[in-house]
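Written out below as structure tokens is the structure these notes cover.
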Amino acid sequence: MLHNILPVIASELNEYLKSRYNIAEDRVLLSNIFDQDGSIALKEMNRVVCCLLNLREDRTVKATKSLRAGTGGYGQGGGEVQLAMDIAFVSHFKNTQYADALKFLAGTVYFFQEKSVFTNANTPSLSSNIDRLSFEVKSLELNELQSVVSLLGIRHSPMIVYSARLLTFSSDNIEDEIPSTRGISLDSDNT
């Protein structure tokens, strides 16, 4: 599921920016900024880089074990895990094009203002097992921003972080079999 979400969002943002600014060249790149060995992963400049910062449990909705109909009754599974992603959109532009970096960052904000909720109805390329994915700006204090910049291995660049909620991972494994109720028998002798 995760491997489907970010490419779809990056592609839609890219098409939006191309249309908004009347350009033909791709401007959104789904990538790390640095490789694991510390070398720069980006060969292209003048891009908005989309990268996953964090995957965490969304504790606003706590899922419990679920019951599903089975062959002789009901099966009790492991429940669902609700996840949220923190995603950074970093304007990676040459120093001489700082105004363009700000323009494309603003375009990213406009994109998510116009389309903050992604569903299968408004985003057909989204995985069919995602019912609803909503984006909201994640406000960062300066010390949190410093941690993000350090985590990405960059000096400060214009960026915005969004939280994307509600990714649901459910287990199809049945842990217990619970027999179904076949009916109630009333015996008049036991009254």
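Here are the numbers for the structure shown:
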quantity	calculated
The listed residue being surrounded by 15 or more Cβ atoms within 10 Å (Cβ to Cβ) and at pLDDT 90 or above, out of Leu53, Leu42, Leu83, Leu17	Leu17
Test: residue in segment 129-138 that is at pLDDT 75 or above, assigned to a loop (DSSP other than H, G, I, E, B), farther than 24 Å from Gln82 by Cα and under 24 Å from the mean Cα position of the chain (by Cα)	no
Pairs with Cβ under 8 Å, 6+ apart, first in segment 147-166 and over 20 Å from Asn95 (Cβ atoms) and at pLDDT 80 or above, second in a loop (DSSP other than H, G, I, E, B) and acidic (Asp, Glu)	Arg165/Asp58
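The values are calculated or read from the model by the stated rules, or taken from the named source; none is laboratory data. Computed from a predicted structure; not experimentally measured. Note that each Cβ is placed from the backbone with ideal geometry, even for glycine, and that neighbours are counted across all protein chains shown.
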